[in-house]
Amino acid sequence: MHRIYYKVRGHGRFPVDMLRYDRSFPVSEVESYKIEDMGNVMEDRTVELAHDDPNVNWVPGKARWIGWDVL
């Protein structure tokens with residue numbers, strides 16, 4: 001099993017459903033808080049996520065992260 005780390009950046013409401021779709025999770029408690037923290041809704045925030053997969057070449061569903069960029 002390989003752990004793949006990636007970051008997403010955006011503002012406003014975090015697309016929580018993408019965690020389910022990409023079978024991903026925040027890498028720490030701090031990253032979990034960033035998901036819930038709306039703060040300034042117009043200010044970008046970056047969240048670090050991870051995904052466990054037997055395929056080392058797995059990539060997140062970039063086209064589905066509407067309003068957020070996969071870095």
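Listing for the model above:
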| read-out | value |
| --- | --- |
| Pairs where the first residue, in the range 40-53, is surrounded by 14 or more Cβ atoms within 10 Å (Cβ to Cβ) and the second is at pLDDT below 95 and of a type in the set (Val, Ile, Thr), C-beta under 8 Å, 6+ apart | 47/35 |
| Residues satisfying the stated conditions in the range 52-71, i.e. farther than 20 Å from residue 12 by Cα and part of a strand (DSSP E or B) | 52, 53 |
| Residues satisfying the stated conditions in the range 1-20, i.e. within 14 Å of residue 70 (Cα to Cα) and surrounded by 11 or more Cβ atoms within 10 Å (Cβ to Cβ) | 4, 6, 7, 8, 9, 10, 11, 14, 15, 18, 19 |
| Hey, residue 47 of a type in the set (A, V, I, L, M) and assigned to a strand (DSSP E or B) or not | yes |
| Considering residues of the range 1-32 that are at pLDDT 95 or above and aromatic (Phe, Trp, Tyr) only, the residue farthest from the chain's Cα centre (by Cα) | 5 |
| All positions within the range 54-71 that are surrounded by 12 or more Cβ atoms within 10 Å (Cβ to Cβ), over 17 Å from residue 4 (Cα atoms) and not aromatic (Phe, Trp, Tyr) | 64 |
| Subset tally (residues that are out of contact with any Lys or Arg (no Cβ under 6 Å at 6 or more places or on another chain), under 14 Å from residue 7 (Cα atoms) and at pLDDT below 95) for the range 33-53 | 1 |
| Residue check, residue 49 touching a strand residue (DSSP E or B) at 6+ places or on another chain (Cβ under 8 Å) and within 13 Å of residue 14 (Cα to Cα) | yes |
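The values are calculated or read from the model by the stated rules, or taken from the named source; none is laboratory data. Bear in mind that the values here come from a model prediction, so they are computed numbers and not experimental data. Quick reminder, even Gly has a Cβ in these numbers, built from the backbone with ideal geometry, and neighbours come from all protein chains shown.
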